[in-house]
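Below: one structure, written as structure tokens.
The values are calculated or read from the model by the stated rules, or taken from the named source; none is laboratory data. Remember, it's a predicted structure, so these values are computed and weren't measured experimentally. With ideal geometry, Cβ positions are generated from the backbone for all residues, glycine too; neighbour counts draw on all protein chains shown.
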Amino acid sequence: MADKMTPLTAEETKWIKKVQKVLNECPSTRMGAYTTGDKDVRLYDKTFDEDIQSIIDNSGGEFGGAVEHLDCDMGRLLFPFHVHSTSS
């Protein structure tokens, strides 16, 4: 087990700031995102949120399946590392 996290390198810090800057430039207010825990984050049209929730409530389905059913998927972002799907 690691004793302590190694501090970020200057290059890592620069990369994080660069990615955040690009994300902040998103030209849309309708984009939402979710992950099922792979290397990708799925983008969807969040104006469908009520319909997505209704499908989940009425069929016990999952978020991604509801997005697919409603055909409101907007694409994906593929990360170079695993994106964990968690909840607390």
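Looking only at residues in region 1-44 that are of a type in the set (Asp, Glu) and out of contact with any strand residue (DSSP E or B) (no Cβ under 6 Å at 6 or more places or on another chain), which one is farthest from Asp73 (Cα to Cα)? Give the steps one after another, and end with the answer.
Our first condition is that a residue be of a type in the set (Asp, Glu); within region 1-44, this holds for 3, 11-12, 25, 38, 40.
Then keep just the ones that are out of contact with any strand residue (DSSP E or B) (no Cβ under 6 Å at 6 or more places or on another chain); that gives 3, 11-12, 25, 38.
Details: Asp3: 41, Glu11: 33, Glu12: 31, Glu25: 20, Asp38: 17 Å.
Among those that are of a type in the set (Asp, Glu) and out of contact with any strand residue (DSSP E or B) (no Cβ under 6 Å at 6 or more places or on another chain), it is Asp3.
Please list, ordered by first then second residue, the pairs with beta carbon atoms under 9 Å, 6 or more apart or interchain, first in region 68-88 and basic (Lys, Arg), second not in a loop (DSSP other than H, G, I, E, B).
That search, which allows pairs on different chains as well, returns Arg76/Asp40; Arg76/Val41; Arg76/Arg42; Arg76/Leu43.
Only one of (1) within 17 Å of the chain's Cα centre (by Cα); (2) at pLDDT 95 or above is not met by His84, so which one is it?
Here His84 meets the rest and fails (2).
Count, please, the residues in region 41-73 that happen to be under 20 Å from Leu23 (Cα atoms), touching a Lys or Arg at 6+ places or on another chain (Cβ under 8 Å) and surrounded by 15 or more Cβ atoms within 10 Å (Cβ to Cβ). It would help to see each step written out before you state the result.
Narrowing region 41-73 to residues under 20 Å from Leu23 (Cα atoms): 41-47, 73.
Next cut, touching a Lys or Arg at 6+ places or on another chain (Cβ under 8 Å) only: 41-43, 45-47, 73.
Then keep just the ones that are surrounded by 15 or more Cβ atoms within 10 Å (Cβ to Cβ); that gives 41-43, 45-46.
Count: 5.
If the requirement is being free of Cβ contacts under 8 Å to residues at least 40 places away in the same chain and surrounded by 10 or more Cβ atoms within 10 Å (Cβ to Cβ), which of these qualifies: Thr6, Thr13, Thr29?
Within the list Thr6, Thr13, Thr29, the selection yields Thr13.
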